Protein chains: 2
Amino acid sequence: MKETALCPRLAKAMDLIGKRWTALIIYQLLSGPQRFNAIESALPISGRLLSERLKELEKEGVVERKVYSEVPVRVEYSLTPKGRSLEGAVREIEKWAQNWT
Amino acid sequence: MKETALCPRLAKAMDLIGKRWTALIIYQLLSGPQRFNAIESALPISGRLLSERLKELEKEGVVERKVYSEVPVRVEYSLTPKGRSLEGAVREIEKWAQNWT
């Protein structure tokens, strides 16, 4: 691979955000912490793939998973500060989508 | 697929921008029209894949390909208005990348 004049961090960021459904999951969580089922019913995505993406986003520090010791147990997903700071990018893409697609 | 509460246009926009290297090609063309070799040398991408992505972006109306009838012939790629209006999203992603990756 040639040495890129471009910032490899932009490439890494795009690899993260660009994955299918990732931006939509982030978009969904912008409205606050939600349970798995709520996210799943809002997106045309399988439970298996959603679970996979949420694990990746947790590992990347973009999403946080909170377990509430209630009966039955309650699990919620929310954006971390790193995740919330993607709002600007997601809103810009939303604006572009409304104008151009 | 469940009917999504989310805007399918956002999903389509992400499918376009999210493809590997697409955002970097757009980022590269923000600095103006360029020839194939200039784009290729700035990105760690194979000529074959770059050619494929440029064709897709041309089809989507994001990139324009101009052929100048000179000897030898000169071909330049540039962003269309639709492509240029992705600048906001790409700059936001760049800002996020600088802070968080």
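Each value in this text was obtained by applying a stated rule to the coordinates, not by laboratory testing. This structure is a prediction, so every number in the text was calculated from the model and none was measured. Here Cβ is always computed from backbone atoms with ideal geometry, including for glycine, and neighbour counts include all displayed protein chains.
Details
- Matching entry among A:GLU58, A:GLU70 (being within 10 Å of the chain's Cα centre (by Cα), more than 9 Å from chain B (Cβ to nearest Cβ) and surrounded by fewer than 19 Cβ atoms within 10 Å (Cβ to Cβ)): A:GLU58
- The residue of the stretch B:28-40 that is farthest from the other protein chains (Cβ to nearest Cβ), among those that are surrounded by fewer than 13 Cβ atoms within 10 Å (Cβ to Cβ) and either small (Gly, Ala, Ser) or within 8 Å of the chain's Cα centre (by Cα) (or both), is B:GLY32.
- Meets criteria (in contact with a Ser or Thr (Cβ under 7 Å, 6 or more places away or on another chain), aliphatic (A, V, I, L, M) and more than 7 Å from chain A (Cβ to nearest Cβ)) for B:LEU43: no
- Candidate set from the stretch A:16-27 (those that are part of a helix (DSSP H, G or I) and more than 7 Å from chain B (Cβ to nearest Cβ)); member that is surrounded by the most Cβ atoms within 10 Å (Cβ to Cβ): A:ILE25
- Members of the stretch B:31-75 that are touching a Lys or Arg at 6+ places or on another chain (Cβ under 8 Å) and part of a strand (DSSP E or B): B:VAL67, B:TYR68, B:ARG74, B:VAL75
- Meets criteria (hydroxyl-bearing (Ser, Thr, Tyr), over 30 Å from B:GLU87 (Cβ atoms) and either within 11 Å of chain B (Cβ to nearest Cβ) or in contact with a strand residue (DSSP E or B) (Cβ under 7 Å, 6 or more places away or on another chain) (or both)) for A:TYR77: yes
- Within the stretch A:83-101, the set of residues being at the interface with another protein chain (Cβ under 7 Å from one of its Cβ atoms), part of a helix (DSSP H, G or I) and either touching a strand residue (DSSP E or B) at 6+ places or on another chain (Cβ under 9 Å) or aliphatic (A, V, I, L, M) (or both) comprises A:ALA89, A:ILE93, A:ALA97.
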